[in-house]
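One structure is given here, and the rest of the page talks about it.
The values are calculated or read from the model by the stated rules, or taken from the named source; none is laboratory data. Source: prediction; values computed, not measured. Neighbour counts are summed over all protein chains in view; Cβ atoms, including those assigned to glycine, are modelled from backbone coordinates with ideal geometry.
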Amino acid sequence: MFSRRSGFVLSKSQRGAVVLLLLLLLGFQIYNLSLQSVQLLPPDLSMGMELQKQLERSNASKKPKSTSSFQYNPNFLTDYQAYLIGLPTEAYDRLKTYCQTNQFIKNPEEFQMITKLSDAQFKAIEKQLKFTTRFKKTAKKAIQKKDINTATAEEFTIVSGVGKVLSERLVKYRAYLSGFSVLDQCYEVYGLDSLVVKRLFDYFEIQSQPNIHKLDLETASLSELEKTPYLNRKEAEQLIAYRTKNNQIDLAVLSELFVNSPNKLERLKLYLH
């Protein structure tokens, strides 16, 4: 007869293996729980706060040191100097606006009135300001103007923008006109910029009148008329034709012939009668 065992029975070696496996599973579970607990811990901010404090102390040490040993004239105060002494930006802007009008602050009362500082604000910076009433005025040296009708080509070169070519051209045009009757005739010189002409007027003026021999419209020949400044041959022929047709001519005719050129009309009156 066969014997029959009731239940499932492990051997001794098998029981040892099972126990070891359970211990390993338990250890692994404990390890996972420890990792989760570490992740759930709040971060340690103490180190970051300490670093931030050190950075603030470093920045504070970089701020400009007290300038109590220095004094600044408020009329020439730069924006950096204003920052050094603690002058508010708005007050500095008012100060600069005032100084740009070529006016000077002579005393603390004027300074406080212009900057609109309170008594407490002004007292905090007063020792670093130096007021003075002594200013050197650099008066512009007056230019001794020369006669434009007698100046040499070399003398014209004193004007910025007038070189050798333009100075000689000025002299030649002056000779063509028999002298400048009005300064505006300088604008007619070819190549002379209007800005240069204005500078020319700072150095030259009409001190002697030009020597102009006026032509009589009743007797002037065609050759004489066409050589007259501001008249060309065609215009000279018009004058001769009018005089021949009407047996007379006068300056009033110029207004009819050059009605659209008032400037030309005024110039011609300098040379005709």
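Would you mind telling me which numbered condition in (1) farther than 30 Å from LYS146 by Cβ; (2) out of contact with any strand residue (DSSP E or B) (no Cβ under 8 Å at 6 or more places or on another chain) LYS198 fails? Condition (1) is where LYS198 drops out.
Condition test on ALA91, is it touching a Leu at 6+ places or on another chain (Cβ under 6 Å) and either part of a helix (DSSP H, G or I) or on the phi > 0 side of the Ramachandran plot (or both)? Criteria met by ALA91. The listed residues are GLU266, GLU256, and the only one of them that is among the acidic types (Asp, Glu), closer than 25 Å to ALA175 by Cα and either more than 50 Å from the chain's Cα centre (by Cα) or outside any loop (DSSP other than H, G, I, E, B) (or both) turns out to be GLU266. Among the residues of the range 176-216, those identified as charged (D, E, K, R) and under 41 Å from the mean Cα position of the chain (by Cα) are ASP184, GLU188, ASP193, LYS198, ARG199, ASP202, GLU205. Among the criteria (1) aliphatic (A, V, I, L, M); (2) at pLDDT 90 or above; (3) touching a Phe, Trp or Tyr at 6+ places or on another chain (Cβ under 7 Å), the one ILE114 does not fulfil is (2). For the range 243-263, the tally of residues that are surrounded by 15 or more Cβ atoms within 10 Å (Cβ to Cβ) and over 15 Å from SER221 (Cβ atoms) stands at 4. In summary, GLU109 fulfils each of the numbered conditions (1) modelled with pLDDT under 85; (2) loosely packed, with under 12 Cβ neighbours inside 10 Å with the single exception of condition (1). One residue stands out in the range 51-88 among those that are among the hydroxyl-bearing types (Ser, Thr, Tyr) and part of a helix (DSSP H, G or I): the one that is modelled with the highest pLDDT, namely TYR83.
Can you pull out the residues in the range 217-237 that are more than 51 Å from the chain's Cα centre (by Cα) and assigned to a loop (DSSP other than H, G, I, E, B)? Within the range 217-237, LEU217, GLU218, THR219, ALA220, SER221 qualify.
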